[in-house]
Amino acid sequence: MKTLPSVDVVIVGGGWTGLLMAKELGSRTALSVVVLERGGSRKSDDYGEDMDELDYAIRFRMMQDASRETVTLRHTTSRRALPLRQHASFFPGSGVGGAGEHWNGEFPRILPDCFALLSNTIEKYGAERLPEDHSIQDWGVRYDELEPHYTRAELLLGISGKAGNIRGKQIEGGNIFEGWRSAEYPNPPVKIPYFSALFRDAAKALGYHPYPIPAATISQVYTNPDGIARPGCTYCGFCERFGCMIGAKAQPTNTLLPVIQKRKNVSIRTGATVRRIVHDTTQSGGRARGVSYVDSSGEEVFQPAEVVFLASWTLNNTRLLLLSQIGEPYDPTSGKGALGRNLTHQVYFPAATAFFDKPLNRFMGSGASGVRIADFDGDLFDHSGLPFLRGGILLALSLGFRPIANFGVVPQSVKPKWGSEWKKAALHYYDRTGNIVFHGEHLAYKGNFMDLDPVYKDHFGDPLLRFTLDWRENERRMAEFATTKALEIARQTGAKEVTPFPGLRSYDATRSQSTHIQGGTIMGSSPDRSVVNPYLQHWQVSNLFVLGASAFPQNASANPTPTILALTYRTADAIVNRYLKNPSALA
Amino acid sequence: MRRREFLTLSAASIGGVLVYSLDREVFRLSARVNKSIRIPLRFLSQAEALIIAAAASRIFPSDEAGPGAREAGVAVYIDRQLAGPWGRDLHRYTQGPFEENVPAEFGYQGQATPQQIYRQGLKGLKGFDRLGPDEQDQKLKQIEASLFFSLLRQNTIEGMFCDPIHGGNIDMLGWQLIGFPGPRMSNFDDVDKHFGEAFRPKPASLRQMTGRKVRPSEDQE
């Protein structure tokens with residue numbers, strides 16, 4: 001193995017969190033920073049030719065190559081796990097920018113009470129209302145501590161939206177249920193296409209509180225505090241699974257990379273697949289010495305570093321710690337060990353599919369053009385008489401309907417799935433169909449976790465990550481409730497026919513249900529029940545930090561990126577202001 | 001090396017003449033020329049391509065609701081996909097052990113590639129293209145639950161609505177049927193207008209929009 005000269009900081013993964021940390025440390029300190037990204041290089045103008053639904057959205061050109069590495073799934077520990085042989089349920093990114101290149105750009109904050117979910121639920125409903133095998137816990141950080149960092153993230157990306165709560169003052173037209181904000185959004189809301197407007201008007205008529213989705217697909221030309229300018233969105237409808245060809249959608253390559261490229265102390269190495277964190281660890285603690293990786297020519301390389309950041313997305317963060325044998329793997333039988341526990345996947349489904357008489361012109365839109373209601377989010381409605389805890393948001397997104405993914409959806413009254421009758425109905429309904437989608441909280445359970453698979457290997461021969469994951473009654477009951485509410489709104493829109501979501505059964509790895517997978521290296525205030533402290537610093541290895549949604553103890557209804565960026569900012573501050581002066585435990 | 005196979009399409013069957021140009025794009029010349037053209041096949045034999053073309057056009061028929069799989073060149077699309085990385089499972093996790101007969105929520109777990117699934121499926125459709133439409137429908141109903149049929153149905157939809165660089169959706173016929181304009185750089189002035197009425201800009205392909213040739217993944221190897 002080749003050993004390179006030591007650097008101050010090595011960052012594993014070049015997505016939102018890795019590049020934000022590289023930008024912060026690269027701009028605010030003189031530290032030498034190396035980012036190791038296993039995918040290829042990217043730049044904003046790569047996307048001029050990517051508006052091809054087949055190659056990008058159906059064949060997943062921007063995602064990780066499943067032939068090299070995937071995960072395995074079993075619903076309970078009594079079953080054998082099977083590999084997810086192709087992407088379907090979630091879409092891990094690859095290459096510089098990671099999944100942050102092909103996201104939709106919805107940018108909501110997490111509700112304040114989620115950060116103390118365990119304490120708040122017990123206080124309000126009593127411990128007996130918690131599901132028997134839950135493992136939910138408080139985050140170890142309060143919303144009030146994160147608020148300034150949320151604001152920084154919104155300024156960085158130029159988020160377009162309408163505030164509903166500025167320092168406690170409720171503002172009509174915004175999300176009046178959101179946590180307090182110190183400022184209005186940097187840009188006004190994006191335009192609202194027809195289908196989303198129908199949802200907005202129906203929700204309002206029913207007494208709910210619709211608001212425009214906070215969007216990283218920005219509404220107008222904007223220059224951020226780093227001096228990086230981006231144009232306004234043109235609503236071409238190619239966000240989800242695509243890079244933005246004009247740079248209106250904030251992506252690591254158009255927001256962070258231009259700053260990083262000017263810093264001589266930061267370099268990005270692509271084609272560098274990190275396989276292990278090299279460390280000296282004893283029972284009482286330890287120290288990371290750097291990372292070993294395979295470069296694009298296949299050579300094994302050791303990169304020594306003073307500080308190591310894992311920023312390689314939820315799954316790979318967990319897997320690299322397991323493969324490197326850092327920390328105690330979670331054991332569901334004894335409940336001991338924290339590494340791998342609290343695997344969650346946002347409860348996400350099309351709650352109501354509405355069929356209309358009039359055409360909707362759904363090819364126009366953006367990944368975050370649309371309207372939400374938060375009336376059934378979190379604990380904003382009383383659960384005393386309900387058979388479940390928590391909730392989520394309902395939304396009508398106009399993300400740009402593309403034909404391969406959406407052709408063929410017909411009302412239940414049409415029986416054939418092919419042939420003339422089906423074709424006629426499918427042609428008629430193609431542009432007359434809209435989904436009201438639910439994003440709900442997923443509680444953490446003792447039986448939902450990640451470990452290393454004993455059978456299946458990646459292309460290097462290392463074990464794949466194994467999911468043990470299934471829904472519980474809380475999610476199923478919540479889904480039924482949300483479906484009822486979505487049907488009510490869909491009927492109010494004047495839809496001719498409405499198809500309800502059939503319900504959550506067992507976890508279905510073939511259904512696309514957001515890339516909001518969380519947990520595995522969770523944060524908390526106790527080393528027994530969490531992997532990292534509230535500064536995302538490893539409890540046992542103080543020069544190792546783990547960034548990203550792998551730190552979320554359970555899944556909120558909000559899209560994770562705003563919170564991921566806010567936590568990364570907070571960690572960057574703690575490192576610059578405290579850790580560099582005294583490299584030791586921050587909590 | 002196997003003998004070069006061609007799919008011969010008559011102008012009458014496709015509602016016009018398809019021209020297979022040197023840079024491997026298919027486009028329509030005229031609707032009224034009485035001749036046929038030969039399209040080089042990459043994976044399927046001519047006999048197989050005729051069966052696929054016939055089956056796809058029962059799934060998405062040409063009828064009073066408009067043109068279908070035959071006019072859009074779906075068989076050409078499927079042949080190219082089968083020959084390319086998708087047909088050979090280059091991006092699917094194909095390490096064993098393989099367990100078949102598992103619950104549907106784990107997705108396809110088999111070892112066979114799309115190429116192999118099609119080859120196997122085609123064996124059961126010998127002579128299909130020479131049957132009458134009703135008999136063809138009967139035959140397809142018998143295999144409706146098979147993996148082969150579900151791939152064929154999905155690939156037919158793809159071939160109807162993909163960008164023409166992939167060999168299907170010739171003339172953007174599929175897009176015209178549903179009012180999809182293709183890759184359109186800006187809807188800024190229209191996205192919050194036209195409420196309740198159809199807004200149907202003229203479709204443009206990726207090549208027309210970018211002004212240059214874009215190579216699809218099946219051609220990049």
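The values are calculated or read from the model by the stated rules, or taken from the named source; none is laboratory data. Because the structure is predicted, anything quoted here is derived from the model rather than measured. Quick reminder, even Gly has a Cβ in these numbers, built from the backbone with ideal geometry, and neighbours come from all protein chains shown.
Go through (1) among the hydrophobic types (A, V, I, L, M, F, W, C); (2) away from chain B (no Cβ under 14 Å); (3) more than 24 Å from A:Ala215 (Cα to Cα) for A:Phe376 and report which single condition fails.
It fails just one condition, (3).
Give just the number: which of (1) more than 8 Å from chain A (Cβ to nearest Cβ); (2) in a loop (DSSP other than H, G, I, E, B) does B:Phe195 not satisfy?
(1)
With (1) at the interface with another protein chain (Cβ under 10 Å from one of its Cβ atoms); (2) touching a Phe, Trp or Tyr at 6+ places or on another chain (Cβ under 6 Å); (3) crowded, with 23+ Cβ neighbours inside 10 Å as the list, and A:Leu36 as the residue in question, which single condition is left unmet?
(1)
Considering only residues that are surrounded by 21 or more Cβ atoms within 10 Å (Cβ to Cβ) and not in a loop (DSSP other than H, G, I, E, B), which ones fall in region A:135-155?
Within region A:135-155, A:Leu146, A:His149, A:Tyr150, A:Ala153, A:Glu154 qualify.
B:Gln115 passes all but one of (1) crowded, with 16+ Cβ neighbours inside 10 Å; (2) within 12 Å of another protein chain (Cβ to nearest Cβ); (3) polar (S, T, N, Q); (4) within 19 Å of B:Glu48 (Cα to Cα); which number fails?
(2)
Can you name the number of the only condition in (1) more than 22 Å from A:Leu389 (Cα to Cα); (2) crowded, with 21+ Cβ neighbours inside 10 Å; (3) in contact with a Phe, Trp or Tyr (Cβ under 7 Å, 6 or more places away or on another chain) that A:Thr521 fails?
Exception for A:Thr521: condition (3).
Could you check A:Val541 against (1) crowded, with 20+ Cβ neighbours inside 10 Å; (2) under 25 Å from the mean Cα position of the chain (by Cα); (3) within 30 Å of A:Gly290 (Cβ to Cβ); (4) not hydroxyl-bearing (Ser, Thr, Tyr) and say which number it fails?
Every condition holds for A:Val541 apart from (2).
Among the numbered criteria (1) touching a helix residue (DSSP H, G or I) at 6+ places or on another chain (Cβ under 7 Å); (2) of a type outside the set (Lys, Arg); (3) within 14 Å of another protein chain (Cβ to nearest Cβ); (4) part of a helix (DSSP H, G or I), which single criterion is violated by A:Tyr47?
The single condition A:Tyr47 does not satisfy is (1).
From the residues in region A:71-101 that are touching a helix residue (DSSP H, G or I) at 6+ places or on another chain (Cβ under 7 Å) and in a loop (DSSP other than H, G, I, E, B), which one is farthest from A:Arg241 (Cα to Cα)?
Top of the filtered list is A:Val96.
Do you know which of the residues in region B:134-148 that are more than 9 Å from chain A (Cβ to nearest Cβ) and under 18 Å from the mean Cα position of the chain (by Cα) is surrounded by the fewest Cβ atoms within 10 Å (Cβ to Cβ)?
We begin by selecting, within region B:134-148, every residue more than 9 Å from chain A (Cβ to nearest Cβ); these are B:134-136, B:138-139, B:141-143, B:145-148.
Among the residues that remain, those that are also under 18 Å from the mean Cα position of the chain (by Cα) are: B:147-148.
Numbers: B:Leu147: 15, B:Phe148: 20.
Checked region B:134-148; the qualifying residue surrounded by the fewest Cβ atoms within 10 Å (Cβ to Cβ) is B:Leu147.
Which members of region A:253-285 meet the condition of being under 12 Å from A:Ile228 (Cα atoms) and outside any loop (DSSP other than H, G, I, E, B)?
Hits for region A:253-285 are A:Thr253, A:Asn254, A:Thr255, A:Leu257, A:Pro258, A:Val259, A:Ile260.
Give all pairs with beta carbons closer than 6 Å in which a residue from region A:416-430 that is more than 7 Å from chain B (Cβ to nearest Cβ) meets a residue that is in a helix (DSSP H, G or I) and at pLDDT 95 or above; count only pairs at least 6 apart in sequence or on separate chains.
A:Pro416/A:Trp422
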